[in-house]
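The values are calculated or read from the model by the stated rules, or taken from the named source; none is laboratory data. What you see is a predicted model, and the numbers here were worked out from it, not measured in a lab. For neighbour counting, all protein chains shown are included, and Cβ atoms are generated from backbone atoms with ideal geometry for every residue, glycine included. The area values use the complete protein model at the heavy-atom level, side chains included, leaving out ligands, DNA and RNA. Shrake-Rupley method; radii C 1.70, N 1.55, O 1.52, S 1.80 Å.
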Amino acid sequence: MKKGYEVVIVGGGIIGNAVAYYLAKEGQKDVLVIEKNYISSGSTGRCAGGIRQQWDSEANIRLAMGSVKIFEGLEDELGFPTEFYQGGYLLLAHTPEHMEWFKKRVELQRSLGLDVRLIDPKEAKDIVPYINTEGLLGATFCPTDGHANPFYVTFGYYKKAQELGVHYLIGKEVAGIEVRESRIRAVILSDGSRVEARNLVNAAGGHARDIARMAGIDIPVNPQRHEILVTEPIGHLFDPLIISFKQGIYFRQELNGGVLMGYGDPEEPWSYNVRSTSRFLFNMTKKVTEVMPILDQVRVLRQWAGLYAMTPDAQPIIGGVEEVEGYYQAVGFSGHGFMVGPKTSELLAELILTGKTSLSLEHLSHKRFKEGKGKIEKAVI
Ligand SMILES: Cc1cc2nc3c(=O)[nH]c(=O)nc-3n(C[C@H](O)[C@H](O)[C@H](O)COP(=O)(O)OP(=O)(O)OC[C@H]3O[C@@H](n4cnc5c(N)ncnc54)[C@H](O)[C@@H]3O)c2cc1C
């Protein structure tokens, strides 16, 4: 390890690795990534790998559309498999309020160039024959949404970043950050060693608030447990990832046949707890079989949990801050950081290298909270 680096990145999830890769790709190879556990040990390695562009806010739609473009060519770019598969996302509406909301969203999404349409229950059933259409009023479908393997994508970025000259410190924890005269100077590791840094990227996922605090910055990012399970592999049943806002669930079939599913529990407090519960197992299986009754016959293989990094408006915080020069962050993804990870990371690297971005990050700035400008993203599950 050298005495210092131009950019030190805290966190070895999709964001940390992808930012490192895009920096190195653009010529900045004096980069160190510090990961306290192992690559993908945080939310990235626990996530469902879903990639959807059907969001409420323009910022999220643009980030997701930009990321899908990158995902489409990522295997070739990184020389590593990603298991990217565009089977679409089918979003179900069971109430007139949800239908109204869907109509407005589709209008905005189409105005931004997304291939998405409002469909009736019959067409939803044509796309997913096993779906229960009782009480279903309509749905939206975007065929270019899909999913990818979070481990493969992250390892692809990791491997390529290393090939380009990025350095890694794995199994080392950042315990402090030195700021002098309002500028990032160094990070201090838990073993007491010190690494000088001109710039620091906070990519610490559910722990992002702790890292920001070390630099004297308060960010409204809170960790919240999110549970998930996968069934035994079964024959091919359906292509799209399905979201039911009535049940508050999502589920999709993996390429190996297992069905992955999860839901956001509104009762879940902020905490670092990632234990699994029988409550989730019972609720999840009950809810999913209401939407697709045939899954009643399938056995659960495994369940686990990870952290959503929640912000007050359920949108990420991306960019620098006014208080500390050289501090950058891509945090608070509120459950959708994998799907927007590629474009977000490319833009953050651009910001660090040039001081500006080709796509405005204004709506996702840290200062939006102070200015009361946050717009709540309602489509989070
Ligand atoms: C169950 C579940 C399902 C999800 N499903 C989806 C989905 O379908 N699609 C989607 O887009 N998103 C999904 N998400 C959200 C997604 O996983 C995250 O938004 C995304 O992975 C965030 O990536 P990251 O790199 O910012 O954070 P992480 O992957 O959490 O990486 C942060 C890393 O920082 C490290 N770290 C923390 N503190 C320190 C320190 N002090 N020193 C050194 N290292 C440190 C951690 O060990 C960790 O590896 C899901 C999340 C969960 C929990």
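The modelled label-to-label distance between Glu196 and Trp270, using points 7 Å beyond Cα along the C-beta direction, is 3.6 nm. Fully extending the segment from Lys375 to Ser358 would add 3.9 nm, taking 0.36 nm per residue of separation and subtracting the current Cα-Cα distance. Rounded to the nearest 10 degrees, the angle from helix 278-291 to the longest Cα principal axis of the chain is 50 degrees.
Counting 0.36 nm for each residue step from Asp120 to Lys159 and taking away their Cα separation leaves a gain of 9.6 nm.
Please calculate how many Å² of accessible area the range 113-264 carries per residue, with a 1.4 Å probe and no DNA, RNA or ligand atoms counted. Intermediate results must be reported in sequence, preceding the final value.
Values: 5860 Å² over 152 residues.
Accessible area per residue, the range 113-264: 39 Å².
Legend: calculated FRET efficiency, Leu137 to Lys25, from the Cβ-Cβ distance at R0 = 45 Å, rounded to 0.05, equals 0.45.
Looking at the chain, the DSSP beta bridges with both ends there are about 70 percent antiparallel. Maximal additional length on extending the Glu97-Asp210 stretch stands at 36.8 nm, based on 0.36 nm per residue less the C-alpha distance. Shown are Met292, Met310, whose ranking by accessible area with a 1.4 Å probe and every protein chain present, most to least, is Met310, Met292.
Separation between the Ile188 and Glu173 pseudo-spin-labels, each 7 Å from Cα along Cα→Cβ, expressed in nm? Distance between label points: 1.5 nm.
Placing dummy labels 7 Å off each Cα toward the beta-carbon, the span from Gln297 to Thr285 is 1.6 nm.
Taken about its Cα centre, the range 13-153 carries a charge dipole of roughly 200 debye when the Cβ of each Lys and Arg holds +1 and the Cβ of each Asp and Glu holds -1. Based on the Stokes-Einstein relation at 25 °C and a viscosity of 0.890 mPa s, and on the Kirkwood radius from alpha carbon pairs, the chain is assigned a translational diffusion coefficient of 116 µm²/s. Given a 10 angstrom Cα cut-off, can you work out which residue in Pro316, Pro220, Pro342 is the most mobile in a GNM of the chain? Of the options given, Pro220 has the highest mean-square fluctuation.
Tell me whether the range 228-269 comes out rounded, prolate or oblate; compute the Cα gyration tensor, take square roots of the eigenvalues as a ≥ b ≥ c, and use a/c under 1.5 as the rounded threshold. Note, shape of the range 228-269 comes out oblate. Projecting the Cα positions of Ala148, Gln303, Phe80 onto the charge dipole of the chain (unit charges on Cβ atoms of Lys, Arg, Asp and Glu, taken about the Cα centre) puts Gln303 furthest along the positive direction. For the range 1-154, DSSP calls about 75 percent of its internal beta bridges antiparallel. Rounded to the nearest 20, the Cβ-based charge dipole of the chain about its Cα centre (Lys and Arg +1, Asp and Glu -1) stands at 540 debye.
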